[in-house]
1. With Pro156, Pro170, Pro182, Pro166 as the choices, which residue is modelled with pLDDT of 95 or more and open to solvent by 20 Å² or more (accessible area, probe 1.4 Å)?
2. Within region 251-289, which residues are polar (S, T, N, Q) and open to solvent by less than 30 Å² (accessible area, probe 1.4 Å)?
3. Evaluate the following for Ala58: is it out of contact with any helix residue (DSSP H, G or I) (no Cβ under 6 Å at 6 or more places or on another chain) and open to solvent by 30 Å² or more (accessible area, probe 1.4 Å)?
4. Please find, among Lys100, Lys26, Lys21, the residue that is in a loop (DSSP other than H, G, I, E, B) and of a type in the set (Lys, Arg).
5. Quick test of your reading of the structure: Ala64 fulfils all but one of (1) within 11 Å of the ligand (Cβ to nearest atom); (2) open to solvent by 30 Å² or more (accessible area, probe 1.4 Å); (3) in a helix (DSSP H, G or I). Name the failing condition by number.
6. Please tell me if Ala83 is part of a helix (DSSP H, G or I), open to solvent by 30 Å² or more (accessible area, probe 1.4 Å), within 17 Å of Phe168 (Cβ to Cβ) and more than 9 Å from the ligand (Cβ to nearest atom).
7. Looking only at residues that are in contact with a Pro (Cβ under 7 Å, 6 or more places away or on another chain) and away from the ligand (no atom under 11 Å from the Cβ) in region 157-167, which one is farthest from Ala187 (Cα to Cα)?
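The values are calculated or read from the model by the stated rules, or taken from the named source; none is laboratory data. All values derive from a computational prediction rather than experimental measurement. Cβ coordinates were reconstructed from backbone atoms using ideal geometry, including for glycine residues, and neighbour counts include every protein chain displayed. Only protein heavy atoms, including side chains, enter the accessible area calculation; ligands, DNA and RNA are left aside. Shrake-Rupley method; radii C 1.70, N 1.55, O 1.52, S 1.80 Å.
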Amino acid sequence: MNMKQLEPGSRLVVASHNPGKVWEIKELIAPYGFDAVSAGDLNLAEPEETETTFDGNARLKALAAAGSGLPALADDSGLEIDALDGAPGVYSARWAGPGKDFALAMQRVHDALAEKGAWDGLPPRANFISVLCLAWPTGEHRLFEGRVYGTLRWPPRGGNGFGYDPIFVPDGETRTFGEMEPAAKYAISHRTRAFDAFKRDCLEHVPRTAATGKGGRDLEALDAAARNLSTEAELAKFITHLRDDLARNGTTWSARDLASFLAALESAAASADVPDAEPRWRTLARLLLAASR
Ligand code: IMP
């Protein structure tokens, strides 16, 4: 079939409201010169994920965002655990509850596996899966799938990444995704593999632009990290990123010494809007970032 092509410089909607995923997808498509805008930036409503398959939900989200008049790229992803018959699967995000608390979701995974005695022998097998859907305003769309296989560990380890990363060890590795540097995770991740399939089909004709080092603060990455973390290990890692940022870009921080940083933290805390169910480590990370801006 002759698929409509994306032209270099096209504007693309990343159909997600999850800042961690939007950031990852933007990073993946940036070298092709696409101008990516998130569904959140366009104030598009977040459709309810009513389908029971990854394909179905990815399609539903991409078609909804393509209603904006721009081609849209959506991803639906999750963790499938063999001993739980594929759960949490399409419900991976929902296992974290309204506060998107993945410390809670990982505990639920642990407990469900403990109930089945699945921690007793070899580590339980699992895979992450990502399905990407590229949809056009005309309704035309294509699906691409990627998986990464591995095993689960308890207790969670590492403060990188997001979601279930701290309990997942990809095959051939000893570290969890939460312990691996982001670049090492992206090199093998389910999303990268789905994206590779997308690239093979849709981007071969698009020349890669030279990687441009982003000058200044990568506030989008810091914001995505702050808004996704759930555990104290992830907060500690976030603080490491913030310190690196201070070392590199401290002259652009609005609060440059401890007294002004604490004053900024005080006013961020006083005016903080803290959703009831938000994990407290995430609240702290958000406030620290706000104080640095
Ligand atoms: P959705 O694709 O937004 O419906 O949700 C996917 C959910 O799967 C996320 O909220 C995470 O819980 C989980 N997930 C997907 N990809 C990853 C990953 O790379 N690391 C850890 N968890 C992931």
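1. Pro156
2. Thr283
3. No: the conditions fail for Ala58.
4. Lys100
5. If we test Ala64 against (1) within 11 Å of the ligand (Cβ to nearest atom); (2) open to solvent by 30 Å² or more (accessible area, probe 1.4 Å); (3) in a helix (DSSP H, G or I), just (1) comes out false.
6. yes
7. So, considering only residues that are in contact with a Pro (Cβ under 7 Å, 6 or more places away or on another chain) and away from the ligand (no atom under 11 Å from the Cβ), the one farthest from Ala187 (Cα to Cα) is Arg157.
Yes or no, residue by residue, for (1) under 19 Å from the mean Cα position of the chain (by Cα); (2) in the same structural domain as Ser16 (by TED's automatic domain parsing); (3) more than 30 Å from Gly117 (Cβ to Cβ); (4) modelled with pLDDT of 90 or more:
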site	(1), (2), (3), (4)
Glu145	yes, yes, yes, yes
Val148	yes, yes, no, yes
Thr151	no, yes, no, yes
Glu232	yes, no, no, no
